[in-house]
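A.B. asks: Just dropping this structure here.
The values are calculated or read from the model by the stated rules, or taken from the named source; none is laboratory data. What you are looking at is a predicted structure, and each value in this text was computed from that prediction instead of being measured. Don't worry about glycine lacking a Cβ; one is built from the backbone with ideal geometry, like all the others, and counts go over all protein chains shown.
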Amino acid sequence: MKKIILTLLFISLGSLQAAMPAENIIELQKELLWATERGDLDIVQRLITAPGININYQDSNGQFALTLAAQNGHTETVQALITAGANVNLQDAQGYTALMLAATLGRTDTVQALITSPTININHQGVHGNTALMRAAYYGHTDTVQVLITAPKINLNFQNNPGNTALMIAIQRQDMPTVYALTGAGANLYLQNHAGQCPAEILIKESRAKTKGTGNHQS
């Protein structure tokens, strides 16, 4: 904390800004990660105005300010970073964008803030071919799914490496609220994965199995 106070004081001294040493900028960038992870908006707003600072700076683990703010649900911090020019499509070491991490963790308000960026690649696919929508569906974040499907450029029918769509993932997870949200938005019920399965086929089989089970119970 003492180091942060000193560096913020350095920023506030306008006459010294042009002479800020490179090592100070590096420290500021590291402190920016610290502040965004904790959602300290006041410090973040001061740091992103520091001359020479790179708000897309990534540490040795590939972490950067926007992903740290997004995955922790610090929506106001995310908005401040986007306004300051943060790259919304930057990926961490695992190939995840800030949007994908926010969707994975069900940070719905943060997802809403991210998808308002005109440069967002909402359909970015990670190393396994999953999009933010697929990850939200997998983890059962129906509210997040409902926000994502309102985005103008969302593709409901992207397929991951096994050929599954977000709808197929929701069906496999037996998450009917998410299934209803996706089908209501127009997700393709007949798109097959690489195993030759389609959502409609699985839903029909499950419906028949439940009907049969109910009939046996009643008899």
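A.B. asks: Here is a check on your reading of the model: is LEU6 surrounded by fewer than 20 Cβ atoms within 10 Å (Cβ to Cβ), modelled with pLDDT of 90 or more, of a type outside the set (D, E, K, R) and outside the structural domain of HIS141 (by TED's automatic domain parsing)?
C.D. replies: Judged against the criteria, LEU6 is not a match.
A.B. asks: Please pick out the residue among ILE122, ILE48 that is touching a residue at least 24 places away in the same chain (Cβ under 8 Å) and either surrounded by fewer than 16 Cβ atoms within 10 Å (Cβ to Cβ) or over 13 Å from the mean Cα position of the chain (by Cα) (or both).
C.D. replies: Numbers: ILE122 fails: either surrounded by fewer than 16 Cβ atoms within 10 Å (Cβ to Cβ) or over 13 Å from the mean Cα position of the chain (by Cα) (or both).
The match here is ILE48.
A.B. asks: Which members of region 37-64 meet the condition of being assigned to a loop (DSSP other than H, G, I, E, B), of a type outside the set (Gly, Ala, Ser), touching a helix residue (DSSP H, G or I) at 6+ places or on another chain (Cβ under 9 Å) and closer than 21 Å to ALA102 by Cβ?
C.D. replies: Within region 37-64, the first condition is being assigned to a loop (DSSP other than H, G, I, E, B), and the residues that meet it are 39-40, 48-57, 59-63.
Filter once more, so that each one left must be of a type outside the set (Gly, Ala, Ser): 40, 48-49, 51, 53-57, 59, 61, 63.
Add one more test, that the residue is touching a helix residue (DSSP H, G or I) at 6+ places or on another chain (Cβ under 9 Å), and what stays is 40, 48-49, 51, 53-57, 59, 63.
ASP40, ILE48, ILE55, ASN56, TYR57, ASP59, GLN63 - these are the residues of region 37-64 that are assigned to a loop (DSSP other than H, G, I, E, B), of a type outside the set (Gly, Ala, Ser), touching a helix residue (DSSP H, G or I) at 6+ places or on another chain (Cβ under 9 Å) and closer than 21 Å to ALA102 by Cβ.
A.B. asks: Take residues that are within 18 Å of ALA103 (Cβ to Cβ) and of a type in the set (A, V, I, L, M, F, W, C) and tell me which of the helices (runs of 4 or more DSSP H) falling wholly in region 127-219 contain 3 or more. Let's see the steps before the verdict.
C.D. replies: Numbers: elements: 132-138, 142-148, 166-172, 176-184, 199-218.
Of the helices (runs of 4 or more DSSP H) lying wholly inside region 127-219, those with at least 3 residues that are within 18 Å of ALA103 (Cβ to Cβ) and of a type in the set (A, V, I, L, M, F, W, C) span 132-138, 142-148, 166-172, 176-184.
A.B. asks: OK, next. Is it the case that region 102-109 has a residue that's modelled with pLDDT of 95 or more, within 30 Å of ASN160 (Cα to Cα) and touching an Asp or Glu at 6+ places or on another chain (Cβ under 6 Å)?
C.D. replies: yes
A.B. asks: Hey, any hits in region 165-182 for a residue that's within 17 Å of the chain's Cα centre (by Cα), β-branched (Val, Ile, Thr) and modelled with pLDDT of 95 or more? Working first, answer last.
C.D. replies: So in region 165-182, the residues within 17 Å of the chain's Cα centre (by Cα) come out as 166.
Filter once more, keeping what is β-branched (Val, Ile, Thr): none.
Scanning region 165-182, I find no residue that is within 17 Å of the chain's Cα centre (by Cα), β-branched (Val, Ile, Thr) and modelled with pLDDT of 95 or more, so the answer is no.
Matching residues to (1) surrounded by 11 or more Cβ atoms within 10 Å (Cβ to Cβ); (2) within 15 Å of ILE149 (Cβ to Cβ); (3) in contact (Cβ under 8 Å) with a residue 40 or more places away in the chain:
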residue: LEU167; (1), (2), (3): yes, yes, no
residue: ILE171; (1), (2), (3): yes, no, no
residue: VAL179; (1), (2), (3): yes, yes, no
residue: ALA195; (1), (2), (3): no, no, no
residue: ALA200; (1), (2), (3): yes, no, no
residue: LYS205; (1), (2), (3): yes, no, no
residue: LYS210; (1), (2), (3): no, no, no
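A.B. asks: Just to be sure I understand the filter: pairs with C-beta atoms under 8 Å, separated by 6 or more residues or on different chains, first member in region 136-153 and aromatic (Phe, Trp, Tyr), second member crowded, with 23+ Cβ neighbours inside 10 Å and not in a helix (DSSP H, G or I). Which pairs pass?
C.D. replies: Once the first residue is aromatic (Phe, Trp, Tyr) and sits in region 136-153, its partners that are crowded, with 23+ Cβ neighbours inside 10 Å and not in a helix (DSSP H, G or I) give TYR138/ASN130.
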